[in-house]
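Worksheet: one structure, shown below.
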Amino acid sequence: MSHLSSRKGPASEPGQSPDRGYFAEVYALVRQVPAGRVVTYGQIAAALGDAKRARVVGWAMRACPEDVPWHRVVNSRGGLSLGPAHGGVNLQRALLEDEGIEFDAGEHIDLRVYGWQVPARGNCRERSAQ
(Lines give C-alpha, C1' and ligand atoms only; values in the text may rest on other atoms or scores of the structure.)
Protein backbone atom coordinates (compact mmCIF):
# COMPACT_ATOMS: atom_id res chain seq x y z
CA MET A 1 0.00 0.00 0.00
CA SER A 2 1.39 3.41 -0.92
CA HIS A 3 1.70 6.26 1.52
CA LEU A 4 -0.97 8.14 -0.44
CA SER A 5 -3.62 5.45 -0.32
CA SER A 6 -3.10 4.91 3.41
CA ARG A 7 -4.13 8.48 4.26
CA LYS A 8 -7.69 9.43 4.98
CA GLY A 9 -9.44 11.65 2.50
CA PRO A 10 -12.86 12.52 1.14
CA ALA A 11 -14.94 9.90 -0.56
CA SER A 12 -13.80 9.10 -4.06
CA GLU A 13 -14.90 7.13 -7.08
CA PRO A 14 -14.79 3.33 -6.82
CA GLY A 15 -11.31 2.13 -7.67
CA GLN A 16 -9.65 5.45 -6.84
CA SER A 17 -7.52 6.13 -3.80
CA PRO A 18 -9.11 8.58 -1.36
CA ASP A 19 -6.45 11.16 -2.23
CA ARG A 20 -7.41 11.14 -5.91
CA GLY A 21 -10.78 12.58 -4.96
CA TYR A 22 -9.04 15.04 -2.66
CA PHE A 23 -6.63 16.03 -5.44
CA ALA A 24 -9.61 16.81 -7.69
CA GLU A 25 -11.01 19.09 -4.96
CA VAL A 26 -7.64 20.82 -4.64
CA TYR A 27 -7.53 21.42 -8.40
CA ALA A 28 -11.09 22.76 -8.45
CA LEU A 29 -10.20 25.26 -5.73
CA VAL A 30 -6.91 26.34 -7.31
CA ARG A 31 -8.72 26.96 -10.61
CA GLN A 32 -10.75 29.62 -8.77
CA VAL A 33 -7.70 31.68 -7.75
CA PRO A 34 -7.78 34.80 -9.92
CA ALA A 35 -4.77 36.12 -11.81
CA GLY A 36 -2.73 38.47 -9.65
CA ARG A 37 -3.56 36.59 -6.45
CA VAL A 38 -1.95 33.70 -4.58
CA VAL A 39 -3.09 31.15 -2.03
CA THR A 40 -1.10 28.96 0.37
CA TYR A 41 -1.05 25.19 0.65
CA GLY A 42 -2.44 25.53 4.17
CA GLN A 43 -5.30 27.77 3.08
CA ILE A 44 -6.34 25.20 0.50
CA ALA A 45 -6.16 22.37 3.03
CA ALA A 46 -8.18 24.36 5.58
CA ALA A 47 -10.79 25.29 2.97
CA LEU A 48 -11.17 21.59 2.19
CA GLY A 49 -11.72 20.74 5.84
CA ASP A 50 -8.34 19.76 7.31
CA ALA A 51 -5.61 22.36 7.74
CA LYS A 52 -3.16 19.57 8.61
CA ARG A 53 -3.23 18.29 5.01
CA ALA A 54 -1.13 21.10 3.53
CA ARG A 55 1.54 18.55 2.61
CA VAL A 56 -1.05 16.51 0.70
CA VAL A 57 -2.01 19.69 -1.16
CA GLY A 58 1.66 19.93 -2.13
CA TRP A 59 1.59 16.37 -3.47
CA ALA A 60 -1.52 17.25 -5.47
CA MET A 61 0.16 20.32 -6.94
CA ARG A 62 3.16 18.28 -8.07
CA ALA A 63 0.78 16.09 -10.09
CA CYS A 64 -1.69 18.72 -11.28
CA PRO A 65 -3.17 18.84 -14.78
CA GLU A 66 -1.98 21.54 -17.19
CA ASP A 67 -5.14 23.63 -16.80
CA VAL A 68 -4.52 24.25 -13.08
CA PRO A 69 -2.77 27.57 -12.34
CA TRP A 70 -0.20 25.86 -10.10
CA HIS A 71 2.00 28.95 -9.98
CA ARG A 72 -0.56 30.75 -7.78
CA VAL A 73 0.05 28.37 -4.85
CA VAL A 74 2.81 29.43 -2.47
CA ASN A 75 4.09 28.45 0.96
CA SER A 76 2.89 29.98 4.22
CA ARG A 77 5.60 32.66 4.13
CA GLY A 78 4.67 33.77 0.62
CA GLY A 79 7.66 31.94 -0.80
CA LEU A 80 7.96 29.70 -3.81
CA SER A 81 8.25 25.98 -3.14
CA LEU A 82 7.63 24.12 -6.37
CA GLY A 83 10.52 22.25 -7.86
CA PRO A 84 11.54 21.27 -11.36
CA ALA A 85 8.38 19.26 -12.08
CA HIS A 86 6.73 22.53 -13.10
CA GLY A 87 9.77 24.34 -14.39
CA GLY A 88 11.06 25.40 -11.00
CA VAL A 89 10.77 28.54 -8.96
CA ASN A 90 12.18 30.71 -11.76
CA LEU A 91 9.23 29.88 -14.01
CA GLN A 92 6.78 30.26 -11.12
CA ARG A 93 8.19 33.68 -10.28
CA ALA A 94 8.07 34.80 -13.93
CA LEU A 95 4.42 33.71 -14.27
CA LEU A 96 3.47 35.52 -11.07
CA GLU A 97 5.35 38.67 -12.08
CA ASP A 98 3.54 38.57 -15.43
CA GLU A 99 0.30 38.76 -13.42
CA GLY A 100 1.54 41.86 -11.56
CA ILE A 101 2.67 40.19 -8.34
CA GLU A 102 5.74 41.75 -6.76
CA PHE A 103 8.39 40.09 -4.59
CA ASP A 104 10.20 41.70 -1.68
CA ALA A 105 13.98 41.70 -1.18
CA GLY A 106 13.69 38.34 0.60
CA GLU A 107 12.05 36.75 -2.46
CA HIS A 108 8.62 36.57 -0.79
CA ILE A 109 5.16 37.75 -1.77
CA ASP A 110 3.24 39.93 0.67
CA LEU A 111 0.21 37.76 1.37
CA ARG A 112 -1.64 40.75 2.85
CA VAL A 113 -1.45 42.42 -0.56
CA TYR A 114 -1.65 39.50 -3.00
CA GLY A 115 -3.30 36.77 -0.92
CA TRP A 116 -6.62 35.45 -2.14
CA GLN A 117 -9.54 35.09 0.26
CA VAL A 118 -10.49 31.42 -0.02
CA PRO A 119 -14.26 30.84 -0.19
CA ALA A 120 -16.01 29.37 2.83
CA ARG A 121 -15.86 25.58 2.90
CA GLY A 122 -19.45 25.12 1.73
CA ASN A 123 -18.91 27.36 -1.30
CA CYS A 124 -15.63 25.61 -2.08
CA ARG A 125 -17.21 22.15 -2.02
CA GLU A 126 -20.15 23.26 -4.15
CA ARG A 127 -17.86 24.64 -6.85
CA SER A 128 -15.59 21.59 -6.85
CA ALA A 129 -18.60 19.37 -7.54
CA GLN A 130 -19.43 21.29 -10.74
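A few comments on the model shown:
- Residues that are without any contact (Cβ under 8 Å) to a residue 60 or more places away in the chain and either buried (at least 19 other Cβ atoms within 10 Å of the Cβ) or of a type in the set (G, A, S) (or both), drawn from the stretch 78-102: G78, G79, L80, S81, L82, G83, A85, G87, G88, Q92, A94, L96
To keep it simple, each residue is scored yes or no on (1) surrounded by 15 or more Cβ atoms within 10 Å (Cβ to Cβ); (2) closer than 20 Å to L29 by Cα; (3) modelled with pLDDT under 95; (4) of a type in the set (G, A, S).
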| residue | (1), (2), (3), (4) |
| --- | --- |
| D104 | no, no, no, no |
| H108 | no, no, no, no |
| W116 | yes, yes, no, no |
| A120 | no, yes, yes, yes |
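- Positions within the stretch 28-77 being surrounded by 22 or more Cβ atoms within 10 Å (Cβ to Cβ) and basic (K, R), in sequence order: R53, R72
- Selected residue (criterion: modelled with the highest pLDDT) from residues of the stretch 1-22 that are out of contact with any Ser or Thr (no Cβ under 9 Å at 6 or more places or on another chain) and not polar (S, T, N, Q): G15
- Output for the stretch 60-76, where each listed residue is of a type in the set (S, T, N, Q) and touching a strand residue (DSSP E or B) at 6+ places or on another chain (Cβ under 6 Å): S76
- Filter result (modelled with pLDDT under 95 and closer than 19 Å to Q32 by Cα) within the stretch 77-94: Q92
The values are calculated or read from the model by the stated rules, or taken from the named source; none is laboratory data. These numbers were taken from a predicted model, which means no experiment stands behind them. Cβ: placed from backbone, ideal geometry, glycine included. Neighbour counts: every protein chain shown.
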